[in-house]
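So the structure is just underneath, and the comments pick up after that.
Please treat every number below as a calculation from the coordinates, not as lab data. Keep in mind that what you see is a predicted model, and the values were worked out from it rather than measured. Cβ sites come from the backbone with ideal geometry, for glycine too, and all protein chains shown count toward neighbours.
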């Protein structure tokens, strides 16, 4: 309960801070998807800039891109679920004296997350994500080619992770998001490569169906 009060204050809502916790909680409990203009089902397409890095190797993360689509289901009250698919292109470089080569990985992520609508225009999201490894290219020490080559099968694997995000409706069907995601997989500690990553994603989302009423 106190979370709702603190979150309202952090958003800079003087009204939310001044009216007291009990009143804010009562108002939130009465909020439903019709009152804030949400549809029960909706869909979006999204484009995100990501910066992933390995979480257990000496590397430096670089800018990458993610693209995908999702489906949302909203319950009677102001919370819901989201799932979909997102294709991540992850880039990083090794930060070793004798190895500064770059790797480029492609994962397909399938999230399942809960969504909370504490105030109009703002969505808080927390969930799990499963990442299907698709392909990679890089410069392993044994590479004798002039260009990047594919790694042997089994070098990288599918992985399980978690995500948290905040979305803000910019206008009409567009919203912006800031997301943190990490994925982990049991990797041989003696292996140069790893399937454990964490990163930030900054994205823009386009909702296919407009709100029933204006979110203003």
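Kirkwood hydrodynamic radius (Cα pairs, Å) of region 101-182? Provide the component values of the computation, followed by the final result.
On the way: mean 1/r = 0.0651 Å⁻¹.
After inverting the mean inverse Cα-Cα distance, the result is 15.4 Å.
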- Item | Pairwise label distance in nanometres, residue 45 with residue 147, each label 7 Å out on the Cα-Cβ vector | 2.9 nm
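Could you tell me whether region 40-110 comes out rounded, prolate or oblate from its Cα gyration tensor? Rule is a ≥ b ≥ c as square roots of the eigenvalues, rounded for a/c under 1.5, then prolate if a/b exceeds b/c, otherwise oblate. Present the calculation step by step, with values, prior to reporting the outcome.
Values: a/c = 4.34, a/b = 3.00, b/c = 1.45.
Prolate.
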- Both in Å, the radius of gyration and Dmax of the C-alpha trace of region 35-207 are 17.9, 63
- Query: Expressed as a whole number of Å, what is the distance separating the alpha-carbon centroids of region 93-139 and region 147-188?
  - Reply: 1 Å
- Message: So if each residue of separation counts as 0.36 nm, and I subtract the Cα-Cα distance between residue 174 and residue 102, what length gain in nm does that give?
- Response: 22.5 nm
- Message: Can you classify region 163-216 as rounded, prolate or oblate using the Cα gyration tensor, where a ≥ b ≥ c are the square roots of its eigenvalues, rounded means a/c under 1.5, and otherwise it's prolate if a/b beats b/c and oblate if not?
- Response: prolate
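Counting other beta carbons within 10 Å of each residue's own, what order do 198, 83, 159, 150 fall into, fewest first? Each step should come with its number before you reach the end.
On the way: 198 18, 83 14, 159 22, 150 11.
Ordered by Cβ neighbours within 10 Å, fewest first: 150, 83, 198, 159.
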- Item | Förster radius 41 Å - calculated FRET efficiency between residue 79 and residue 137, Cβ distance, rounded to 0.05 | 0.50
